[in-house]
Structures are given as C-alpha cells and as structure tokens.
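Participant: I am attaching a structure below and will ask some questions about it afterwards.
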Amino acid sequence: MICIKKIAALLLLVLLQSCASAPGSAKAFGPSAVVSTQQGKASYYGGRFHGRKTASGEVFNKNILTAAHRTLPFGTRVRVTNLKNDKSVVVRINDRGPYAKGRVIDVSEQAARQLKMKHDGVVKVKVERLK
C-alpha cells in the first residue's frame, strides 16, 4: 500500500514538472495565449529603485523579470518585444508606471538586458498580455 502511494506521488511530481516551463520563457506562451496587444515606448529601471517597495508591496529586484504598467493587474504576465531587434522577454507586472509621457511599460534592468535595450534606454515595443 505504501509503495503504491509513493509511486503515485512520484508520477504526479513527474507530470507536474513536465508541464512547467522556464521562468520568463517566451516560448512557453504561443500566439494563442495572447489576450491583447499594445504598442508604444518602453524604458527600464534598476539601480536606484533596487530594494524599494513596488506598488504591489513586493520589494523591487532589478535582476528579475518584472515590469511596471499603468493599468494591468499585478501578477499579469506580458511578452515585451523590442521592435528594433525582435528580442522578446516575458515579464510579470508588479509595479505601477511608467509616468513619462508616451511610454507604455517600464521593465526591470534584467528584462532590459534580455531585450538588448540598455544602451538605447527607450525603445519602441509590442506588449502582449498573456493568459
């Protein structure tokens, strides 16, 4: 009886792991997972905000894949694509902003690195809300 429970638990663990995807993996979300799309300018924030509380109450970490958006609910995952070089990254909304005119999203420094936008600072992006 104990052996059957252990086997069932092991099978469940294997099943759950096979369904998991790498954090921030854009490939885990195909086109059918896109709920809505927005285009505009993105900037990034890091250094001086690192360690401060975000609007969601979470402590900001410039080294994880997060972003600030004016209206999307906290926890929403979005794919941000740099339209200059077609690089994309999936981030989680955990803050409010951006407050600069014409910008639609502020990404963390880590997300900016993956989007290859740190040198430019502000780039045109496509933001796709994911299921």
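The values are calculated or read from the model by the stated rules, or taken from the named source; none is laboratory data. Nothing here was measured: the structure is a model prediction, and the numbers come from that model. When we count neighbours, we look across all protein chains shown, and the Cβ atoms used for this are built from the backbone with ideal geometry, even at glycine.
Participant: I'd like to know if segment 95-113 contains one or more residues that are assigned to a loop (DSSP other than H, G, I, E, B) and crowded, with 22+ Cβ neighbours inside 10 Å.
Facilitator: yes
Participant: Filter segment 40-58 down to residues that are part of a strand (DSSP E or B) and of a type in the set (G, A, S) and give me whichever is farthest from H119 (Cα to Cα).
Facilitator: Once the filter is applied, the top-ranked residue is G40.
Participant: Show the residue pairs meeting these rules: Cβ distance below 8 Å; 6+ apart or different chains; first residue within segment 100-111 and at pLDDT 95 or above; second residue of a type in the set (V, I, T) and in a loop (DSSP other than H, G, I, E, B).
Facilitator: R103/V122; S108/I64; Q110/I64
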